[in-house]
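First up is the structure itself, then whatever we jot down about it.
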Amino acid sequence: MRRISASLFAIAVVVCVAWQMSASSAAAQMPSPQSSRFSGAWCAQGDPAKHASISDNGVMVTLTNENGDSSPGNYQGSNQIVAPGWQFVTGTLSKDGSQINWSNGTYWARCPSGGGGGHGKMNLNGIWYANGNRSLQCSIQQHRNVLNFQNETGDRATGSFDGKNHLSTNWGGNQIGGSISRDGNRINWDNGTYWIRYRVYGP
C-alpha cells in the first residue's frame, strides 16, 4: 500500500513540475507590455502605399520596412524601440500611439483603416529639412487641420490646409503658401524654397 502511495505521489510531483515548466515556457512566450502599442501595420512617412510593420511573438520583435527589409527590435522603456539592423535607429511612440518618430528625423504613422470619415489630409508631423540640407532642421506639428511650423532658424508659424495638397502659412504676418508633393515628403514654398523628409533607412 505504501509503495502505491509513494508511486502516486511521485507521479503527482512529475505532473506538477511538468505543468510549472509549461506555464513558465508560456509566460516566456508572452509578448511584452509594449507589444500592443507598437505591433501592427504602419505606413512609412504616413503614405498608405508604403506599408511597414512591427510584429512581436513573445520571443523576438521584428520590424519590416516598405521595401521588405527587416530588423530585429528591442524595446527601451515604455515608448521607445531600437532597430539594430538599421544602424540602431530609435523610434519614439507618440502619446496617442498613432506615430513612431525615428531618431533620424523620419516617422511611421498608423495606416488608415479605410472606410469613411477622416479629413483626407496628409500627415505632415515630423522633422523636415530646409532645401534638403540635414543641418537645416525644421519641424511640423499637426493636429487635424491645424499646423504649427518651425523653420531652420527657429522662427515659428501657424498654418492650415487650404486644398488637398496645398498649405497656407502665416510667419508673423508674412503669408507663404506651400504645395505638397503626392508622396507627402516635399513642400515647395511660394518663396522659392522647399522642405523635404527622408526615409528611415538609406537608399
Arranged by the count of other C-beta atoms within 10 angstrom, fewest first, what order do THR106, THR193, THR153 take? THR153, THR193, THR106
Want the number for ASN188 to PHE88: 0.36 nm per residue separation, take away the alpha-carbon distance, what's left? 32.9 nm
Once ASN131 and ASN148 are pulled to full extension, the length gained, defined as 0.36 nm per residue separation minus their Cα-Cα distance, is 4.2 nm
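Computed from the coordinates by the stated procedures, all read-outs in this text should not be read as laboratory data. In this text the structure is predicted, and so the values were computed from the model without any measurement. Cβ atoms come from the backbone with ideal geometry, glycine included; neighbour counts cover every protein chain shown.
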